[in-house]
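Q: Let me begin by handing over the structure; questions about it come next.
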Amino acid sequence: MSEQDQAQAPETQFVLQRIYVKDLSFESPKSPDAFLQQWKPQINLEMNVSHNVLNDDNYEVVLSLTITARNEAEEAVYLVELQQAGIFLVRGMEGETLAQTLGSFCPSVLFPYAREAVDSVVIKGSFPALMLAPVNFDAVYAQAKAARDAQGDVEIGTLQ
């Protein structure tokens, strides 16, 4: 690559600006009866990743989690809804590289914060700790991309 090409090539830059809880909800519809039963919950996790362009190089990435704990009678014992968000400066990336950064790398940065927030609110609800298992966001992104490609959908940014 010549010096002129290097001077014209955009500098790639990735900077975490801020991490924050955008929305958090905890419901315990079966309290206090849930505390009197043996604790054998079935945990269901739903996850979604989205992003918004804030300006030329700043993006808000939102990792949304919905966790439902059900008892043996299939009744919801508790429900946690969380939107863990971050603002990321992403410069010099385009196309698939940008999409993978926003859809895989950024959620990987946000997940430990979301995991701690979920665990904390569940404990404050007087339930046993809930430590969510690690998530391979590269695999989740690849699976969602393959599904979108199979459908001919070109939108990038929402994973389910």
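Q: Can you list the HN-Hα couplings for segment 125-136, worked out from phi with the Karplus curve (6.51, -1.76, 1.60; θ = phi - 60°), rounded to whole Hz and with x for Gly and Pro?
A: Karplus-based 3J(HN,Hα) across segment 125-136 equals x, 6, 9, x, 3, 10, 9, 5, 5, x, 10, 8 Hz.
Q: In addition: Please compute the alpha carbon radius of gyration of segment 93-138, then divide it by the globular-protein estimate 2.2 N^0.38 Å. Two decimals is fine.
A: That ratio works out to 1.51.
Q: Please list, in order along segment 15-29, the HN-Hα scalar couplings obtained from phi with the Karplus expression 6.51 cos²θ - 1.76 cosθ + 1.60 (θ = phi - 60°), rounded to whole Hz, x for Gly and Pro.
A: Taking θ as phi minus 60°, the curve returns 9, 7, 8, 6, 10, 7, 8, 7, 7, 8, 9, 10, 10, 10, x Hz for segment 15-29.
Q: Can you work out D for the chain in µm² s⁻¹ from Stokes-Einstein, where Rh is the Kirkwood radius over C-alpha pairs, the temperature is 4 °C and the viscosity is 1.567 mPa s?
A: It diffuses with D of about 74 µm²/s by this estimate.
Q: Which lysines, on any chain, are close to Lys124 with Cα under 24 Å apart, when same-chain ones fewer than 8 places away are left out?
A: Lys22, Lys30, Lys40
Q: In whole Å, what are the Cα extents of segment 23-88 along the three principal axes, biggest one first?
A: 54, 17, 12
Q: List the relative contact order of segment 11-131 as a percent without decimals, with contacts defined as Cα pairs under 8 Å and 6+ residues apart.
A: 30 percent
Q: Just want the answer: with Cβ charges of +1 for Lys and Arg and -1 for Asp and Glu, which residue in Val122, Asn48, Gln100 is farthest toward the dipole's positive end in the chain?
A: The residue sitting most towards the positive pole is Val122.
Q: For helix 137-151, report the angle its Cα long axis makes with the longest principal axis of the Cα atoms of the chain; keep it between 0 and 90° and round to the nearest 10°.
A: 80 degrees
Q: Show me the ranking of peptides 22-28, 110-116, 12-18 by mean Cβ neighbours inside 10 Å, starting with the highest.
A: 110-116, 22-28, 12-18
We did not get these values from a lab; they are worked out from the coordinates using the rules stated. Bear in mind that the values here come from a model prediction, so they are computed numbers and not experimental data. Here the Cβ is made from the backbone with ideal geometry for all residues, glycine too, and neighbour counts use every protein chain on show.
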